[in-house]
Amino acid sequence: MSATTATVAIVALVRAALYERTGPAGEVLRVDDIVRPSPGPGEVLVRITASGVNPTDVKTRSGLTPRPISGFQVPHQDGAGVIDAVGEGVDPSRVGERVWLWMAAVGPWGTAAQWSLVPSEQAVALASGSSDALGACLGVPAMTAHHCLFADGPLDGASVLVAGGAGAVGHYAIELARRAGARVAATVSSGAKAELARKAGAEVVVDYRAPQALETLRDFAPVMDRIIEVNLPANLDVDLQLSGPETTVVVYASSGQDPVMPIRRCMAANVRFRFMLLYGVPRPALLTAAADIADAVSEGYLSELPLHRYHLDEIVQAHQAVEAGVVGKVIVEP
C-alpha cells in the first residue's frame, strides 16, 4: 500500500435540460449532466418529479422576453418534487416534504432537471393526496390568476368574466373565483374548450365569436365586477359594454399588438384597468397568493388541466407543443 493516500472528491451530477443562449428550441436546448448544486442559506434542494411548461418559459428561451443568463439556464418556473436537502436557516424537518415550486427559473436552476434549487419560501407544501402533476400545474398560472382576481379586493357575491376560460390562467381563475364566492362566466373558442371551462366551474360559457355572445353575457350580469382579460385588443369593445364604475379589467397577457383605447368610452364607464406581469408583483403579494393557493389545493378546489407528458430527453418537443398552442398542460418528467 502506498504511503501516500490520495483523496478523491466525488462530484454529484444532475441530468438537466439547459440553454446558454436564446433561440429556437431545436437549436439551443440540450440535455446534459452538470454538477448538482448545494443549498445555500435559506435555500432548499428539491428532487423534481414533474416540471410544468408555461408560455413564459418558451418565450424566455426563444428570446422574445429574454432575461440575463449566467453561464447556463435550466428552464421552467414551475414544478413539483421532494425536498432533498436544506441550507442554513431552513428547518431540517422539511427534508422529505412534498412541495410545489414557483419562480424557480428566476435563478439558473429551473425545474427541467432532476434537481432544482430555490429559496425555501418558493417551495410550498403540497397537500397529501394531491398529484405531482397538479403541483407542477400551479405556479405561474394559479398565481397569475390569484393576483388578477384579488388585487382589487374580495369577490364574495361578485360577477367575474374570464376570457379564455380553458387556458391555464383561465382555468385557475374560474376555480379560485368560485372558491371565493363569485359567480363566473367564461369565453372560449370551441366546444371542447367550453367543456373544460364548465368542468372548472363556470356557470355560463360562451363562444366569443357567437352572434349572441354579448347578449348571453349581459343576461348573466349586465355589469361585471372583474374581467380577467387574455386578449384586450380583440375583446375591448365587449369588455366596455360589460363595464361600469365597479368594474376592473385585469390584463395579464399580450397578443403582440396594442389596442386603440377609446378614452371617452372608458371615462363614461368609469372603468378601471389593471395591467399585471407576475415577475413585477411585489413579493408579499406573491407569498400571499402561494399560501392561499396551497389552502385551495388542500381544500380540493384546484384541479389538473388535461396533461401532455414528455420525458426530459423530449424537452424540445415539449417546448414545441406549448408554442403550437396545445390545449391543456405540458409536463416534463425527469
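The values are calculated or read from the model by the stated rules, or taken from the named source; none is laboratory data. In this text the structure is predicted, and so the values were computed from the model without any measurement. Heads up, the Cβs are rebuilt from the backbone with ideal geometry, glycines too, and the neighbour counts pull from every protein chain shown.
Taking only the stretch 72-126 into account, find how many residues are in contact (Cβ under 8 Å) with a residue 60 or more places away in the chain, of a type in the set (Gly, Ala, Ser) and part of a loop (DSSP other than H, G, I, E, B).
1
Please go through (1) of a type in the set (Ser, Thr, Tyr); (2) more than 17 Å from VAL327 (Cα to Cα); (3) without any contact (Cβ under 8 Å) to a residue 40 or more places away in the chain for SER189 and return the number of the only condition it doesn't satisfy.
(2)
Take ILE228 and tell me if it is aliphatic (A, V, I, L, M) and closer than 21 Å to ALA202 by Cβ.
Spelling it out, ILE228 is indeed aliphatic (A, V, I, L, M) and closer than 21 Å to ALA202 by Cβ.
Given the structure, is LEU155 over 26 Å from ASP33 (Cβ atoms) and not in a loop (DSSP other than H, G, I, E, B)?
So LEU155 does not fit the description; no.
I'd like to know if the stretch 220-228 contains one or more residues that are of a type in the set (D, E, K, R) and more than 27 Å from the chain's Cα centre (by Cα). Step through it out loud before you land on a result.
Initial filter on the stretch 220-228 (of a type in the set (D, E, K, R)): 225-226.
With the extra rule that they be more than 27 Å from the chain's Cα centre (by Cα), the set shrinks to none.
No: the stretch 220-228 contains no residue that is of a type in the set (D, E, K, R) and more than 27 Å from the chain's Cα centre (by Cα).
For the stretch 309-320: of the residues being touching a residue at least 24 places away in the same chain (Cβ under 8 Å) and not basic (Lys, Arg), which is surrounded by the most Cβ atoms within 10 Å (Cβ to Cβ)?
By that ranking, first place goes to ALA318.
Every residue, every condition in (1) surrounded by fewer than 24 Cβ atoms within 10 Å (Cβ to Cβ); (2) more than 24 Å from VAL169 (Cα to Cα), yes or no:
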| residue | (1), (2) |
| --- | --- |
| ARG47 | yes, yes |
| PRO55 | yes, no |
| ARG61 | no, no |
| GLN77 | no, no |
| GLY81 | no, no |
| GLY87 | yes, yes |
| SER120 | yes, yes |
| VAL124 | yes, no |
| GLY135 | no, no |
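Each row is one residue, and each column tells you yes or no for (1) at pLDDT 95 or above; (2) outside any helix (DSSP H, G or I); (3) touching a strand residue (DSSP E or B) at 6+ places or on another chain (Cβ under 7 Å).
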residue	(1), (2), (3)
ILE69	no, yes, no
HIS146	yes, no, no
LEU149	yes, no, yes
VAL160	yes, yes, yes
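Hey, ILE69 hits all of (1) touching a helix residue (DSSP H, G or I) at 6+ places or on another chain (Cβ under 6 Å); (2) in contact (Cβ under 8 Å) with a residue 40 or more places away in the chain; (3) β-branched (Val, Ile, Thr) but one; which does it fall short on?
Going through (1) touching a helix residue (DSSP H, G or I) at 6+ places or on another chain (Cβ under 6 Å); (2) in contact (Cβ under 8 Å) with a residue 40 or more places away in the chain; (3) β-branched (Val, Ile, Thr) one by one, ILE69 breaks only (1).
Tally time: how many residues in the stretch 240-276 are more than 20 Å from the chain's Cα centre (by Cα), buried (at least 17 other Cβ atoms within 10 Å of the Cβ) and in contact (Cβ under 8 Å) with a residue 60 or more places away in the chain?
2
Scan the stretch 287-308 and tell me whether some residue there is β-branched (Val, Ile, Thr), surrounded by 14 or more Cβ atoms within 10 Å (Cβ to Cβ), in contact with a Ser or Thr (Cβ under 7 Å, 6 or more places away or on another chain) and in the same structural domain as ALA200 (by TED's automatic domain parsing).
Looking through the stretch 287-308, none of the residues is β-branched (Val, Ile, Thr), surrounded by 14 or more Cβ atoms within 10 Å (Cβ to Cβ), in contact with a Ser or Thr (Cβ under 7 Å, 6 or more places away or on another chain) and in the same structural domain as ALA200 (by TED's automatic domain parsing).
For residues that are in contact with a strand residue (DSSP E or B) (Cβ under 9 Å, 6 or more places away or on another chain) and farther than 20 Å from ILE315 by Cα, tally how many sit in the stretch 28-66.
Of the residues in the stretch 28-66, 8 are in contact with a strand residue (DSSP E or B) (Cβ under 9 Å, 6 or more places away or on another chain) and farther than 20 Å from ILE315 by Cα.
Check VAL206, VAL162 and return the single one that is surrounded by 21 or more Cβ atoms within 10 Å (Cβ to Cβ), in contact (Cβ under 8 Å) with a residue 24 or more places away in the chain, farther than 30 Å from VAL86 by Cα and of a type outside the set (D, E, K, R).
On the way: VAL206 fails: in contact (Cβ under 8 Å) with a residue 24 or more places away in the chain.
Result of the check over VAL206, VAL162: VAL162.
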